[in-house]
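See structure below.
The values are calculated or read from the model by the stated rules, or taken from the named source; none is laboratory data. Since the structure is predicted, the reported quantities are computational estimates derived from the model, not experimental observations. We place every Cβ from the backbone using ideal geometry, glycine too, and count neighbours over all the protein chains shown. With ligands, DNA and RNA removed, areas are computed over all heavy atoms of the protein, side chains included. Shrake-Rupley method; radii C 1.70, N 1.55, O 1.52, S 1.80 Å.
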Amino acid sequence: MLCLVLAACGGSDPEPSPDPSSEPTAAATTDPGGGGDAELSSTPPPATNDGSSPAVNSIAVDPGDGTIIVGTGPALFRIDPGAKEGERILGKLEGAGAPATVSGNLVVRFTGPGELLASGHPQAGDVGENLPLITSSDHGDNWTVVPNTSEGDYHELELFGDLLVAVNVESPDIQVSRDKGVSWEKKTPPQLPIDVVVDPSDPQHWAVSTEQGTFLSTNGGDSWRPRDPSSGARLAWPTKDKLYSLERNGQLRVSADGGQSFKPAGDVGGLPSEFTYGPKGELYVAIVGGKIQKSTDGGKSWETAATLK
């Protein structure tokens, strides 16, 4: 997949939104003694009434049917094929040691048709603040903990074949796993990573964006060289000859030579907060105003795929 996404769980400037602590949540009630089974709400977090739009943490597109899952601070959204508006969803979580629900503050990725992988925080329940990796086979309605994975505050999560790449919040390292998140090794880029992508034709060829520009590695993150000075870009690498760099002002550029040089590719029509691509190479961008923009021609033209409220 692509752009690293992590979150208010996000790597780039988020859309304006209320303080997450003020967001209504699905409240949990437990017995006064603090033990026993929790009685959890089944209602997703409601929209705010102040007209603000959700700050998007991640976008994932099902390679099977095209369903779009969008992680935001307030809530998780599902956009069914053909729908023009995202549906707020609340998922039940099993395997975390106690009954729990998940919704907002998730970073999501598809590992295959219908199979979601996520990192984040619970919505409600007597569980830890940071969850282990979790999976869903029904587009976010039900979740289970990935066996033998540890709690982590991953605000960037990407999959490239059997390579799982993550960035822990405020960590200077890129974490890499080849056993589905059970164990990790660290790779340290020159600056704090914002987005990380891997050449789909060469698992040793990486690009990382930072506040100091984009750096490239040809040895799986062991060493890096500066290649592009644009600060805080979001990245996507759907094919060998198309490495996209999306700047904070919405200008999109593309490289056909693995990041050695870039040329203009289009304008997304707003200020972006998240960037990814679909199974057919289509591009998706979340922009301020709660819109998910889509391009099927490499960024030359864009349409609104759905709106989040």
Report whether or not S255 is modelled with pLDDT under 95 and farther than 30 Å from P44 by Cβ.
-> no
What residue, among those in the stretch 64-101 that are in a loop (DSSP other than H, G, I, E, B), touching a Lys or Arg at 6+ places or on another chain (Cβ under 9 Å) and not small (G, A, S), is least open to solvent (accessible area, probe 1.4 Å)?
-> T67
Residue list for the stretch 254-277, filter: under 29 Å from T111 (Cβ atoms) and open to solvent by 10 Å² or more (accessible area, probe 1.4 Å) | V254, A256, A265, P272, Y277
Of (1) surrounded by fewer than 20 Cβ atoms within 10 Å (Cβ to Cβ); (2) among the aliphatic types (A, V, I, L, M); (3) farther than 21 Å from T296 by Cα, A207 satisfies all except one. Which?
-> (1)
Can you work out which of the residues in the stretch 183-199 that are in contact (Cβ under 8 Å) with a residue 24 or more places away in the chain and assigned to a strand (DSSP E or B) is farthest from the chain's Cα centre (by Cα)?
-> K187
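For (1) in a strand (DSSP E or B); (2) buried (at least 19 other Cβ atoms within 10 Å of the Cβ), each residue gets a yes or a no:
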| residue | (1), (2) |
| --- | --- |
| G152 | no, yes |
| G181 | no, yes |
| D202 | no, no |
| S223 | no, no |
| P226 | yes, no |
| L235 | yes, yes |
| P238 | yes, yes |
Is there a residue in the stretch 253-273 that is over 24 Å from G86 (Cα atoms), assigned to a loop (DSSP other than H, G, I, E, B) and in contact (Cβ under 8 Å) with a residue 60 or more places away in the chain?
-> no
Looking at the stretch 127-145, which of the residues that are touching a Ser or Thr at 6+ places or on another chain (Cβ under 6 Å) and in a loop (DSSP other than H, G, I, E, B) is least open to solvent (accessible area, probe 1.4 Å)?
-> L133
Any residue at all in the stretch 92-99 that is within 21 Å of T149 (Cα to Cα), out of contact with any His (no Cβ under 9 Å at 6 or more places or on another chain) and in contact (Cβ under 8 Å) with a residue 60 or more places away in the chain?
-> yes
Exactly one of K280, K291, K242 is touching a Ser or Thr at 6+ places or on another chain (Cβ under 6 Å), of a type in the set (K, R) and open to solvent by 20 Å² or more (accessible area, probe 1.4 Å), and that residue is K291
